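The structure under discussion appears below in the form of structure tokens.
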Amino acid sequence: MGAIPDHLPYFFQDLHTKVTADLGGVRRLSVSGYHNTESLQVYDREETNTLGLSWGNSALSVHYRDRLGDNGIVDANLGHSRFTSDLFALGGGSALYVDDQRVEYTPPTDTLLFGEGIMSEFRADLRVTWRTGRATITTAAQATRFLGDHDYDHTDEFDSDEGFFFSPVDLEESSLRLAAYSTVEVPLQRGFSTRAGLRVDHFRRLATTLAPFAELSYAGS
């Protein structure tokens, strides 16, 4: 509105939507979506520098719950998230002055800093919770795929010391993670309860890990 003479040329937008359908009993379906965009645009003629930086996040998830037999509940989840960024900078140094008089200066067009990047994740999760007697048993399987694709560079003439902290990067990599876990929880007397479980993680081309655990807990009034 012009009420502030000096301002940072930054803006963002957010949109979050969630819809849940109650299908009766424990049955439920919910869909959630999120989208965000942000931008920083600086066109400083006095300093002869130009900076354009934009980035954003988006995510979508679906969750379904239903009964399994008389004592079980099944939860299924699907999700996807994505981060993107775009960078453009033209650096020409400070304006030139001769005898305290400003001289118009046009930076070379090949003095550039530029690039774009993407990070995303896909996830599927299936979990079953079963109550038998005093014990609660949970068993689940997960699959997650990660993707990173970044390409940032600058011309040889670009002066990275002129107000920029930047290293060129060229990376395109994907990874898959498969996991399964199971836990058993049993309440004891006088506020005590015990829980034990096992988790297996497989990271493609990296490692497979096995993580057992056991715990004893107490809850007071």
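The values are calculated or read from the model by the stated rules, or taken from the named source; none is laboratory data. Please read these numbers as outputs of a predicted model, since none were measured by experiment. Heads up, the Cβs are rebuilt from the backbone with ideal geometry, glycines too, and the neighbour counts pull from every protein chain shown.
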Set Arg177, Arg204, Arg190, Arg199: member being modelled with pLDDT under 95, within 21 Å of Ala124 (Cα to Cα) and not hydrophobic (A, V, I, L, M, F, W, C): Arg204
Test result for Phe203, aromatic (Phe, Trp, Tyr), touching a strand residue (DSSP E or B) at 6+ places or on another chain (Cβ under 7 Å) and farther than 19 Å from Ala141 by Cα: no
Answer residue from segment 197-212, given it is in a strand (DSSP E or B) and surrounded by 12 or more Cβ atoms within 10 Å (Cβ to Cβ) and is nearest to the chain's Cα centre (by Cα) among those: Phe203
Scope segment 181-196; condition under 28 Å from the mean Cα position of the chain (by Cα) and buried (at least 16 other Cβ atoms within 10 Å of the Cβ); matching residues: Tyr181, Thr183
